[in-house]
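Worksheet: the structure to be examined is printed underneath.
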Amino acid sequence: MYSNEDYLIQLLTESSVLQGEDVKAAEAAKNSGETTVEALLRTGRVDEETLAQTIAVNSSMEFLDLSHHHVPRNAIEAVAVDVARRYKIAPVDFDHGRLRIAISDPLDFETLDSLPHVLRHDLDFVCATPSAIRALFVQCYGSAEDAADILGGGSGEAISISGEDKDSVTADDAPVIKMVSQMLLEAFRARASDIHIEPLERDLRLRYRIDGVLHDVDHYPRKLHAAIMSRIKIMTGSMSIDEKRVPQDGRIQVHAGDRELDLRVSTVPTNNGESVVMRILDKSSLALGLADLGFLSDDQEVMDQMIRLPDGIILVTGPTGSGKTTTLYACLNTINKPDRKIITVEDPVEYQLSGINQVQVKEDVGMSFAAALRSILRQAPNIIMIGEIRDLETASIAINASLTGHLVFSTLHTNDAPSAVARLADIGVKRFLIASSVRAIEAQRLVRRLCPDCKQPAVLTDKELRALKLEADQMDDATIMGPKGCDKCRGTGYKGRLSVIEIFKIDDEVRSMINEELSTPQLRRRARELGMRTLRDDGIRKVMAGMTTGMEVIKVSMGYEG
């Protein structure tokens, strides 16, 4: 992979990129046929970009980030595909008679000496990571067959698909299989929650959603679209390769190292062809508690009291993508004991929860939320979780269950906690039933969490102070932090997300207000007088604790009275 490995390890050690124990650990962890540098990369003791940058600096060569680089046609035509494949290089630019070439190993003097004679041009070399060069190769030459060798670079396939018959894979399939596996693996390493593959007018765009923000990762030639779509559909085992006119849904189970991932796949036809989104569901997140999700200690205590009640309804509200299901799963895991029977009704079942009976809604065969609820009540559960209350029939059954000794968890799509009362009334639930059955309503949003490895002291701007309705002197005892960017967070300054929440407890006074049909603003105002912190209040606490930034909180709380 890299020439002159001993010199390279010495260089990394002298540059303080590695410690002696890192090298010893990598040597002890080496797989058969693997070099020490390959073991260092695989075990994460050094990353590709840091390695490439270190080599580039010590070789007096420019390091170039190729993630958003588009190669002009004359540069592609100047480098034959077999030359690029043989030397594991990619063209970058061709201007004023000089051809720029990306290489991953500036210490490979044989390649540096040979290429000017092979390409017959004046060359300038830049250093880039091997994975970036592989991606640029595919962008330049497109053909999956031509890309086979260079796409096969690296440490071998680290993604396996549950239930897939390896013997059914042909030689013609192998390149695109590696390409899709590489997409999944890189998305997993980048902590992406979604993979978006979108056909555009001239090319195919790959984007990852990381910490709630979409990032443009790569562009591929349009000619690869059909092969990639077919591969993804085959991986699901349930989607039709031939059907491209209607939306389809599927699921893929993937093993990445010792991690098990579920991918929910959704395709939709667009003007330029089928677009696909793969949502990555990491089962390791099931072990998260409320503290891991961003609940501060006092809110944890309140939620812990609520979820241990013998009956009633606990609602979690917020828009799509606000982490409602993850919060419900964390609550269920907390109270999942051998002496309790828990049944969930979900559409779809996102995660398999150990020790919990989960029912998948199937509208096409008559298994709606309401139909499933009627059936599971005969199973004598102690606790019921309903994926979402969407209509009066489902709400009525949930309320009846809560009034007959069951603890019911569910979600609603509302902007804040007090609005859930009006939402239930809108779908036809009588106010006195809302007042008597609902025990608490928790609303939430997700904000990006500052990277713990690189966050740095900061101050709130005048604009942020005005938006959050704060005075400068209120910041005297605060620990305000801001993003910087490092290798651990891929230069973004953020790593992961946390919840900004408000909890609306339904006590006797609130029940009276619900029965009196007070408006949502009146309920919200009274809830604040009784001590409820709003989404903005909780966000400000987390800004002052150095967990996130003012702008993150402003983005999710503007429009709500704080």
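The values are calculated or read from the model by the stated rules, or taken from the named source; none is laboratory data. The structure displayed is predicted, hence computed values, not measured ones. Every residue, glycine as well, gets a Cβ built from its backbone with ideal geometry; the counts of neighbours run over all protein chains shown. For the accessible areas, the whole protein counts, side chains as well, though only heavy atoms, and no ligand, DNA or RNA atoms are used. Shrake-Rupley method; radii C 1.70, N 1.55, O 1.52, S 1.80 Å.
Results, tabulated for the structure shown:
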read-out	value
Residue among 534, 549 that is surrounded by 22 or more Cβ atoms within 10 Å (Cβ to Cβ), more than 19 Å from residue 315 (Cβ to Cβ), modelled with pLDDT of 90 or more and among the polar types (S, T, N, Q)	549
Residues (closer than 13 Å to residue 428 by Cβ and open to solvent by 40 Å² or more (accessible area, probe 1.4 Å)) located in segment 382-400	390, 391, 392, 393, 396
Residue that is least open to solvent (accessible area, probe 1.4 Å) [pool: residues in segment 87-116 that are in contact with a helix residue (DSSP H, G or I) (Cβ under 8 Å, 6 or more places away or on another chain) and either without any contact (Cβ under 8 Å) to a residue 12 or more places away in the chain or part of a helix (DSSP H, G or I) (or both)]	115
Spans of strands (runs of 3 or more DSSP E) in segment 170-260 with at least 2 residues acidic (Asp, Glu)	192-199, 213-221
Residue match in segment 444-455 (condition: more than 27 Å from the chain's Cα centre (by Cα) and open to solvent by 10 Å² or more (accessible area, probe 1.4 Å))	no
Members of segment 301-333 that are surrounded by 15 or more Cβ atoms within 10 Å (Cβ to Cβ) and over 26 Å from residue 435 (Cβ atoms)	323, 325, 326, 329, 330, 333
Candidate set from segment 459-488 (those that are of a type in the set (A, V, I, L, M) and surrounded by 17 or more Cβ atoms within 10 Å (Cβ to Cβ)); member that is farthest from residue 552 (Cα to Cα)	470
Verdict on residue 540 being open to solvent by less than 50 Å² (accessible area, probe 1.4 Å), farther than 23 Å from residue 436 by Cβ and touching a strand residue (DSSP E or B) at 6+ places or on another chain (Cβ under 8 Å)	no
Pick from segment 58-80, criterion touching a residue at least 24 places away in the same chain (Cβ under 8 Å) and under 18 Å from residue 112 (Cβ atoms), ranking: farthest from the chain's Cα centre (by Cα)	78
Matching residues in segment 489-516 - criterion: being in contact with a helix residue (DSSP H, G or I) (Cβ under 6 Å, 6 or more places away or on another chain), within 12 Å of residue 421 (Cβ to Cβ) and either of a type outside the set (A, V, I, L, M, F, W, C) or open to solvent by 20 Å² or more (accessible area, probe 1.4 Å) (or both)	511, 515
Count - residues of segment 117-133 that are assigned to a helix (DSSP H, G or I), within 23 Å of residue 58 (Cα to Cα) and free of Cβ contacts under 8 Å to residues at least 60 places away in the same chain	0
Evaluation of residue 369 against (1) buried (at least 20 other Cβ atoms within 10 Å of the Cβ); (2) in contact with a strand residue (DSSP E or B) (Cβ under 9 Å, 6 or more places away or on another chain); (3) modelled with pLDDT of 90 or more; (4) of a type outside the set (Lys, Arg) (one fails), failing number	(3)
Filter result (touching a residue at least 24 places away in the same chain (Cβ under 8 Å), in a loop (DSSP other than H, G, I, E, B) and at negative phi) within segment 417-431	417, 418, 427, 429
